[in-house]
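Worksheet: one structure, shown below.
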Amino acid sequence: MEGIIFYWFMWIAWVYTTFIMEKNHHRDKLSVLILLIIFSSKAAMTIDHYQLSFPFLLMLIYSYYLTVKQKNTNIILFYFSSTTITFAYAGIMLFSIYDPVWFVIDYRLIVSLIVSIIAIFLGKSNVQRYALFIMSTCHGELLYWMVMSKFHNGISIGNPAFLDIVVIGCFSIYIWSMFHQLIIFFEQNVQKLQRLQKTAKEKQG
């Protein structure tokens, strides 16, 4: 059922930010944002024949906030990276309709993993990766439904399937960042151990 993944991951994220995450001003903002997204999940606003969900709008605004807050960012490179991911998202979504045979597993998992992997490699920091991923998926969702509006009426942008894709992708980026930190931790300890062994040999010599 579409949307179940969204609720599970968002409640887990809220518990983490509220009780586990280091206490700071950013943590409080993030906890409030997560709650707003959860409680507004059924709300939407209509513009022309497009229906925009509130979580979609909140995520898009938050991605803009993360982008603006970043320092020493190459704006041109960031723009091209965002455009690349936007077209990747819209392209995969359209391809899933044109030739669904290739999607042997749930398309939400495929789309979220591919797009998050691209964001991981194009982003220079974890914050930038989240900003790139969330912003580009929102832009890609808009582009996808702009194309689909030629064939459908009553377009719903930011539907439960989209929310599932976003939370799976964000979780994938988080797992990768944890794995990357673990590798760095082991590398530092190995280097420290090598230095100690080298020092011990020099003293013995």
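Computed values, structure above
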quantity: Residue that is modelled with pLDDT of 95 or more and either among the aliphatic types (A, V, I, L, M) or surrounded by 15 or more Cβ atoms within 10 Å (Cβ to Cβ) (or both), where the choices are Leu77, Leu36; calculated: Leu36
quantity: Filter result for Leu57 (surrounded by 12 or more Cβ atoms within 10 Å (Cβ to Cβ) and out of contact with any Ser or Thr (no Cβ under 8 Å at 6 or more places or on another chain)); calculated: yes
quantity: Members of region 105-125 found to be hydrophobic (A, V, I, L, M, F, W, C) and touching a residue at least 40 places away in the same chain (Cβ under 8 Å), listed by number; calculated: Leu109, Val111, Leu113, Val115, Ile117, Ala119, Ile120, Leu122
quantity: Filter result for Gly158 (small (Gly, Ala, Ser), touching a His at 6+ places or on another chain (Cβ under 7 Å), touching a residue at least 12 places away in the same chain (Cβ under 8 Å) and closer than 24 Å to Ile4 by Cβ); calculated: no
quantity: Residues satisfying the stated conditions in region 108-162, i.e. surrounded by fewer than 22 Cβ atoms within 10 Å (Cβ to Cβ), β-branched (Val, Ile, Thr) and either on the phi > 0 side of the Ramachandran plot or not in a strand (DSSP E or B) (or both); calculated: Ile110, Ile114, Ile117, Ile118, Ile120, Val127, Val147
quantity: Which numbered condition Val104 misses (of (1) in a helix (DSSP H, G or I); (2) surrounded by fewer than 18 Cβ atoms within 10 Å (Cβ to Cβ)); calculated: (1)
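The values are calculated or read from the model by the stated rules, or taken from the named source; none is laboratory data. Just so it is clear, the structure is predicted and the values come from calculations on it, not from any experiment. Positions of Cβ are generated from backbone atoms using ideal geometry, with glycine treated the same way; all protein chains shown enter the neighbour counts.
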